[in-house]
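**Q** Before I ask anything, here is the structure I am working with.
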Amino acid sequence: MAGRTIDQSISNAQPPLGSVLAGASNFSIQGSNFTTVGGNMNQVINNNWITYNVPSFIHPGSNINNVLRCPPPSKDFVGREGALQSLSKLFASPVVTITCERPEMMKDIIARVKMWTGFAFVIWDARSEDGLEDGLDRWSLDTSRDTILVLENADSSLDLEFYIPYSLHTNVLILGVNKGISALASNPGCIFTLPAPMNRQAFRKFLDGVRKAFVHQQRIVPLVARGGTGKTQVARKFVSDYGKRFSNHWTIDASSEMTIIAGFKTLGNAANIGTKVQEVYQFLQNSQENWLLIFDNANHEVDLAKYIPHCNHGSILITSRDKNVYQLSSLDQPFSDLPDLTSDEAIKLLLKSAHQEDSEEIHLEIVQALGYQALAISTAGTYVSQHPTCQLKDYLKVFNEKHDTLLKYQLKTLDKYEMTILVAFQLSFDFLSVPTQSFIQMCSSFHHFGIPVEMFKQAASFTLQRVKVLPGEEELLKSIAEGLTSFLAKFPSHLDVDASVNELARMSLAEYSADNGSVSFHPVVHYCAYETIHEENLQAVALLLMAYVAPDSIVSSDDYKFQHQLFPHARHLCNSKTSLPTVFISEKLSYIFSQEGQWSVARLLQEQVMQICQAVLGEHSPDTLTSMFSLADTYLHLGRYTEAEELEKEVVQIQKTVLGEQHPNTLASVSNLASTYLRMGRYIEAEALAKEGIQISKIVLGEQHPGTLTLMSNLTLTYSCMGRYTEAEVLGEEIVQIKRTVLGEEHPSTLVSLSNLALIYFYLGRYNEAEKLGSNVTQMSKTILGEQHPDTLTSMSNLAFTYSHMGRYNDAEVLEKEVLEIRKVVLAERHPGTLKSMSNLVHTYSHMGRYNEAEELGKEVMELQKSALGKQHPDTLISISNLALIYSQLGRYDDAELLGKDVLQSYKIVLGEHHPETLTSMSNLAETYSHLGRYGDAEVLRKQELQICKAVLGAQHHDTLISMSNLALIYCHTGKYNEAEILGKEVLQTGRTALGEQHPVCLSAMSNLALTYSRMGKYNKAELLGEEVVEIHKTVLGEQHPKTLTSMSNLSLTYSRMGKYNKAEELGKKVVQMFTSVLGEQHPHTLTALNNLASTYSHMGRLPLQ
């Protein structure tokens, strides 16, 4: 049963000298993410399934200055001086004003401020313009340190603001007798008045307020206005003019949660600090720099607050149409909404975008008609510049005609502002070439940001013959295909696609990114383009286009990157749909979602596909069976094992009936079902099914056929899970030999088998062999498959696992972190494989005694799984259970109990009371009760667990025997030695009969019974049983296996208790020497053995060095 290991205790010699070697730990829950068993060890052969490999590509590490760069403002940008000046003041060090009724106090105030800031001081005489000019002439800004510029004796009648050098390094202190200077203060908190009479306490309070005013604070400034007003352009212009005052500046598209996370990931990659939102968040918090982060086009549906790093440095600029973002402002008074352009600014923009110079009266009428809206005016000007037959003087007439026409046919009610934008856009749209009109309309069906241009180029090869068509879909698919064919006919070559992109950019309707080959649209333009669509099925055409170009499998880095680009658009198209037009589209999009770890969405689509295939094609159709297979695989990823089993059993039965037991597809189905049984912990059924399949496959397909080898690999894994490592080794080496002969040493499939064999060596305790083979396989995989291939990552994970159990925790940590970072890049942060790597790292931290880090990362894994998979997904429940065990290691038993009870209840609801993971959770909670000294509660749970095991698995199942042994230990702890002895003997006798004397369960039972005998004072029996355990361990595992050494250490303690100190010393010294050789001096097992030897010396009245 998963992870419920026998409490194979080593008794304490005498507290605190004697220590317990952890022969077994409840921490490692089988099926959890802690133990990575070769990802392809249980791979399946299925001729109908789509398989994929994620290839190698370079981990990005570009300089942080070269990512998320703010694009330059439009070449037609004009005006907005007021908004830009306001932003310049807001993103600058504070300007503090002090009105002094007693001028003689100014010197004292300056001296005190200088004393407690430690800043460089520059003092200007601000009584006259001559004094200010003289100061300005001598002024040289030193950005290497903070400075306070003092304008002393300031005359408020002068244009003082002209002389203030707003920057992030220059704090400004203005002192004068006239309160008029307070208008220059950064905010009300920077305005101070020093009255003439003031006692010492009041003066100290005054100085303290001034001190706080100069403390650096983070600046968060929202820039809010309607769409098309020019918010983004103002932000870009601000960066263009004032960007040098910031150490770095980055722009993130905040139109959706997805684009924000993508931006954080890009920044994390560039900074080499990880790709998780939390890692980038902490990086910004800890980076004591004057960075600027722009959240552009923040959407009201996004909870932006959780992405803003709160600290006393850095600046945030938010552009949005949503006034709720004002709540995020750090300002005492919100920055007012960005107003429409002034008439002068609007006319300048119109002339500039139209490439004209002379202003006329008609131009004022035009901008008035356009509502002084920047986007509408820019669109109008660009239209005129690209339309030789339309001059500015003609535009108003054309605009009004189009406005009347649209009003007549526009079915949707729009306000005046929306209508103005739409009319201006429509005029430009009408001027576009026909292919480009179709292109922008097609783009309006996708998400507005990051549409891959390559998608349209790959679609050029479209033919209906390459699309799966089910009976009843012919007419619909023919109609959609005709629409796609008609669209693609407008782009005879790739150059024609590029021409349309260039035309849209030239008309200021789109932006092209050369970095990833994508085109993006302003949300308002995107909306307007959608409003021009008259074809009812254009969205269906867009879906077919995407489905056609979506990869069937991931075989190169370009495939992965392309599919990752398609994902947001697939989600955008599916958001408003309860079903998709055809099975082909549903299958292709479900594959995209599954590759992104969006299993719940994939499940909905696959269930629809299966139902349609069953209704239309019948249950025996290969397409129906394929859909059932795909859905079963998704169920497995969602932890819905029972549903997966039911589907696979149904498929096997159908194939046996239709194709026969010996058909390759039937054998593949049997292999899949055996793998599912393995995941469910039903090892006996998995073994029986695998053996049956192997026997048939060898006859039908031959011993060297891939299908036969897959079945053999699954049986190898089954043996490992059952603790039958010797049989696993024999079969594993046979598989490797066959693959070396047939496929070659460097074939990917051979490497997988070698990696699995290394893992078997590990389970056999042959760590040096496991490490050597694992290192070789890892190096070969990196060379042949690439560092980021899944098989390479699996071999690296297994090698790290070996390092961990060798006590080489630092090496394990380095390797696991490397795997984790690669998986974040290749698979995304919330992918199950990434979360598995995070859990492996938690496991290593726990082994290293770094429980606080284990707790922190464990919590993060749990929260990510809750978000990605749901609170009651089995993987999430495993993480919760593991976190409870970490609490137990931290001694926080109350917390462990609360979490353990919660997860046990969830397991009972989700998986049922009889599921292996439920029983694991029950066992772990019982262990927590034991730590709390609540042996009565622990005993109740252990008895309940044992009762279920007997009922479900039978009295001779190894999991049942584990439960019995654990209950026997409870009896031992509570002084019920007779009950412990009786139950321990029963476990041992049944185990020897059912499993064999050399099975790990029997050996653990013998060790625990020896402990019981020792507690009962039956030292002779404890000695005999302990010696028997040692001899069997030596025979089965070898003398240097950690379990052998653990049993030897237990025996030495028994000798010590019997007064056989010389034998205890001799064996203890040998154990220490061998642990040191095998695991190293600093390994916990070595240190425990040393402690036990010291205890023996203490009993002998000797010091350890004697």
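The values are calculated or read from the model by the stated rules, or taken from the named source; none is laboratory data. Not measured: the values here are computed from a predicted model. So basically every Cβ, Gly included, is an ideal-geometry build from the backbone, and we count neighbours across all protein chains shown. The area values use the complete protein model at the heavy-atom level, side chains included, leaving out ligands, DNA and RNA. Shrake-Rupley method; radii C 1.70, N 1.55, O 1.52, S 1.80 Å.
**Q** Please work out whether segment 596-677 counts as rounded, prolate or oblate from its C-alpha gyration tensor, where a ≥ b ≥ c are the square roots of the eigenvalues and a/c under 1.5 means rounded, while otherwise a/b larger than b/c means prolate and anything else oblate?
**A** oblate
**Q** Let me ask another. For LYS772, LYS457, LYS698, write out the residues from largest to smallest accessible area, computed with a 1.4 angstrom probe and no ligands counted.
**A** Ranking LYS772, LYS457, LYS698 by accessible area, largest first, yields LYS772, LYS698, LYS457.
**Q** Quick check: residue separation of ALA111 and GLU482 times 0.36 nm, minus the Cα distance between them. What number comes out in nm?
**A** Length gained between ALA111 and GLU482: 125.4 nm.
**Q** Same structure again: Heavy-atom accessible area of ARG679 with all protein chains present, probe 1.4 Å, nearest 10 Å²?
**A** Counting only protein heavy atoms, the figure is 110 Å².
**Q** Something else about it: Which far-off residues, 5 or more places away or on another chain, put their amide H under 5 Å from the one on ILE316, with H placed in the peptide plane?
**A** The list, which skips near neighbours in sequence, is ARG219, ILE220, VAL221, LEU293.
**Q** Moving to a separate point now. Per residue of segment 608-624, what does 6.51 cos²θ - 1.76 cosθ + 1.60 with θ = phi - 60° give for ³J(HN,Hα)? Whole Hz please, x for Gly and Pro, Karplus curve as stated.
**A** Once rounded to whole Hz, the list reads 5, 4, 4, 4, 5, 4, 5, 6, 8, 9, x, 5, 8, 5, x, 5, 5.
**Q** Follow-up question, since we're still on this one. Using the beta-carbon distance between GLN695 and THR993 and R0 = 22 Å, what value does 1/(1 + (r/R0)^6) give for FRET efficiency, to the nearest 0.05?
**A** It comes to 0.25.
**Q** In degrees between 0 and 90, to the nearest 10, how far off the longest principal axis of the chain does helix 977-994 point, with axes built from Cα atoms?
**A** The helix 977-994 is inclined about 90 degrees to the chain.
**Q** May I ask you to derive the FRET efficiency for GLN872 and ARG934 from their Cβ-Cβ distance with R0 = 25 Å, giving the value to the nearest 0.05?
**A** With a Förster radius of 25 Å, E is 0.40.
**Q** Also, I was wondering about something else. With +1 on the Cβ of every Lys and Arg and -1 on the Cβ of every Asp and Glu, and nothing else charged, how large is the dipole of the chain about its Cα centre, in debye rounded to the nearest 20?
**A** I would put it at about 2760 debye.
**Q** How many Å² of accessible area per residue for segment 263-303, probe 1.4 Å?
**A** Dividing the accessible area of segment 263-303 by its residue count gives 39 Å².
**Q** Moving on. Roughly what % antiparallel, to the nearest 5, for the DSSP beta bridges in the chain?
**A** 10 percent
**Q** According to the square roots a ≥ b ≥ c of the eigenvalues of the Cα gyration tensor, what is the shape class of segment 264-380, taking rounded for a/c under 1.5, prolate for a/b larger than b/c otherwise, and oblate for the remainder?
**A** Prolate, since a/c reaches 1.5 and a/b exceeds b/c.
**Q** Heavy atoms only, probe 1.4 angstrom, no DNA, RNA or ligands counted: give me VAL742, VAL177 ranked by accessible area, highest first.
**A** Putting VAL742, VAL177 in descending order of accessible area: VAL177, VAL742.
**Q** Starting from the Cα of VAL469, step 7 Å along the direction of its Cβ; do the same at LYS323; then give the gap between the two resulting points in nm.
**A** Distance between the two pseudo-spin positions: 5.5 nm.
**Q** Ranked highest first by the average count of other Cβ atoms within 10 Å around their residues, in what order do 435-447, 483-495, 77-89 fall?
**A** Highest to lowest by the protection proxy: 435-447, 77-89, 483-495.
**Q** Taking 35 Å as R0, compute the FRET efficiency from the Cβ-Cβ separation of ILE909 and GLU853 and round it to 0.05.
**A** With a Förster radius of 35 Å, E is 0.65.
**Q** Over every pair of different alpha-carbon atoms in segment 870-911, take the mean of 1/r and invert it; report that Kirkwood radius in Å.
**A** Answer for segment 870-911: a Kirkwood hydrodynamic radius of 10.1 Å.
**Q** For segment 678-826, what is the Kirkwood hydrodynamic radius in Å, using each pair of distinct C-alpha atoms?
**A** Taking every pair of different Cα atoms in segment 678-826, averaging 1/r and inverting gives 15.9 Å.
**Q** In addition: What accessible area per residue, rounded to a whole number of Å², is obtained for segment 414-568 using a probe radius of 1.4 Å?
**A** On a per-residue basis, segment 414-568 sits at 41 Å².
**Q** Turning to a different aspect of this structure: Given H placed 1.01 Å from N in the peptide plane, which residues other than close sequence neighbours of SER93 have an amide H under 5 Å from its amide H?
**A** It is SER167, LEU168, HIS169, THR170, by chain and number.
**Q** Among the listed pairs LYS866/LYS908; LYS649/LYS908; LYS1034/LYS1069; LYS75/LYS824; LYS691/LYS739; LYS265/LYS782, which are separated by more than 27 Å between their Cα atoms?
**A** Exceeds cut-off: LYS75/LYS824.
**Q** Could you work out the local net charge near LEU754, counting Lys and Arg as +1, Asp and Glu as -1, over the other residues with Cβ closer than 15 Å to its Cβ?
**A** Local net charge: -3.
**Q** Calculate how steeply helix 832-847 sits against the longest principal axis of the alpha-carbon atoms of the chain, using the helix alpha-carbon long axis, and give the answer as 0 to 90 degrees to the nearest 10.
**A** 60 degrees
**Q** Now for a separate question. Counting helices only, and only those DSSP H runs with n ≥ 4, report the 222 nm mean residue ellipticity of the chain as the sum of -39,500 (n - 2.57) divided by its residues, in deg cm²/dmol to the nearest 500.
**A** -19500 deg cm²/dmol
**Q** Let me ask something else about it. Given a 1.4 angstrom probe, what's the average accessible area per residue across segment 174-219, in square angstrom?
**A** Ligands and nucleic acids excluded, the figure is 57 Å² per residue.
**Q** Of the listed values [x] 101, 89, 54; [y] 107, 86, 65; [z] 110, 89, 48, grab the one calculated as Cα extents along the principal axes in Å from the structure here.
**A** Computed from the coordinates, Cα extents along the principal axes in Å corresponds to [z].
**Q** Now, a different point. Report ³J(HN,Hα) in whole Hz for each residue of segment 533-547, in order, from the Karplus equation J = 6.51 cos²θ - 1.76 cosθ + 1.60 where θ = phi - 60°; Gly and Pro get x.
**A** Going residue by residue, I get 6, 10, 6, 5, 9, 5, 5, 5, 5, 4, 4, 5, 4, 5, 4 Hz, with x marking Gly and Pro.
**Q** Students sometimes get this wrong: rank SER128, SER965 by accessible area, probe 1.4 Å, all chains present, largest first.
**A** My answer, sorted largest first, is SER128, SER965.
**Q** Follow-up question, since we're still on this one. On a 0 to 90° scale, report how tilted helix 343-353 is relative to the longest principal axis of the chain, with both axes built from alpha carbons and the result rounded to the nearest 10.
**A** Tilt of helix 343-353: around 70 degrees.
**Q** For segment 177-182, take each phi angle, set θ = phi - 60°, evaluate the Karplus expression 6.51 cos²θ - 1.76 cosθ + 1.60, and give the result in whole Hz per residue in order, putting x for glycine and proline.
**A** Along segment 177-182, the couplings run 9, 9, 5, x, 5, 5 Hz.
**Q** Within the chain, what whole-number % of the accessible surface is contributed by carbon and sulfur, with the 1.4 Å probe and all protein chains included in the calculation?
**A** Roughly 50 percent of what the probe reaches on the chain is carbon or sulfur.
**Q** Moving on. Let me spell out the model: positive unit charges on the Cβ of Lys and Arg, negative unit charges on the Cβ of Asp and Glu, origin at the Cα centre of segment 569-714. What dipole size does that give, in debye rounded to 20?
**A** For segment 569-714, the charge dipole is close to 320 debye.
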